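Novice: I am attaching a structure below and will ask some questions about it afterwards.
Each reported figure results from applying straightforward, stated rules to the coordinates on display, with no laboratory input. Computed from a predicted structure; not experimentally measured. Neighbour counts run over all protein chains shown; Cβ positions are idealised from the backbone, glycine included.
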Amino acid sequence: MPQTEMTSKLIDALYTEAMLLADEARSYFDRDPVAGGLPADIAVAFSCESLKVTTRLMHSIAWLLNQKAYRAGEIDQAEMTNEARELGYAPASDDILAQRFPEEAQEIIQASEDLYFRIQRLNARLREQQSELPEPVRLREKILQAF
């Protein structure tokens, strides 16, 4: 299986994308949805969706910061494989409700999902590669994690 080449350039590009999207989402979702003409029931769903977008983006940013720290030598391999540094869970959007949101909201929701799913795939590849390490390396990492 080909190894995923996780370069600093890739991490930096994803981090920049995530930060720009987080700023765009914050700016957009800070608006009052009821004042924007949304019915009250859709406004509640809109608010819930803004939390989902924020969760996806913050988990993505945290994962990317961990990758940057690892590449900068600030944390070692054992720390990187710690469960606390895994990509956090982020709930999926309700596509049916999202169709009733303004177009700009739908675009931000889709962009946050796309980014999160790309990072999720990278994380899965890295974990798979980690499991392919020789047993002595995995054993050493488990011992270091225990202490």
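Novice: Subtract the Cα-Cα distance of A72 and E107 from 0.36 nm times their separation in residues, and report this length gain in nm to one decimal. Present the calculation step by step, with values, prior to reporting the outcome.
Specialist: Details: separation 35, 0.36 × 35 = 12.60 nm, distance 3.35 nm.
Contour length minus Cα-Cα distance gives 9.3 nm.
Novice: Here's another thing I want to ask about it. Which of rounded, prolate, oblate describes region 1-84, given a ≥ b ≥ c as roots of the alpha-carbon gyration tensor eigenvalues and a/c under 1.5 marking rounded, otherwise prolate only if a/b is larger than b/c? Before the final figure, lay out each step's value.
Specialist: Working: a/c = 3.21, a/b = 2.69, b/c = 1.20.
Because a/c hits 1.5 or more and a/b exceeds b/c, region 1-84 counts as prolate.
Novice: If you don't mind, there's one more thing I want to ask. With a 10 Å radius around each residue's Cβ, average the other Cβ atoms per peptide and rank 71-82, 9-20, highest first. Provide the component values of the computation, followed by the final result.
Specialist: Details: 71-82: 13.4, 9-20: 15.1.
Put in order of decreasing packing, that is 9-20, 71-82.
Novice: Determine the gain in length on full extension of the stretch E128-T54; use 0.36 nm per residue of separation and subtract their C-alpha separation, reporting nm with one decimal. Walk me through the numbers before you get to the answer.
Specialist: Numbers: separation 74, 0.36 × 74 = 26.64 nm, distance 2.74 nm.
Extra length available between E128 and T54 comes to 23.9 nm.
Novice: Could you list Y28, Y89, Y116 so that the one with the fewest beta carbons within 10 Å of its beta carbon is first and the one with the most is last? Provide the component values of the computation, followed by the final result.
Specialist: Details: Y28 15, Y89 9, Y116 23.
The fewest-first ordering by Cβ neighbours comes to Y89, Y28, Y116.
Novice: How big is the charge dipole of region 8-146 about its Cα centre, in debye rounded to the nearest 20, if each Lys and Arg gets +1 on its Cβ and each Asp and Glu gets -1 on its Cβ? Walk me through the intermediate numbers first.
Specialist: Numbers: 16 positive and 24 negative charges, 109 e Å.
The dipole of region 8-146 has a size of about 520 debye.
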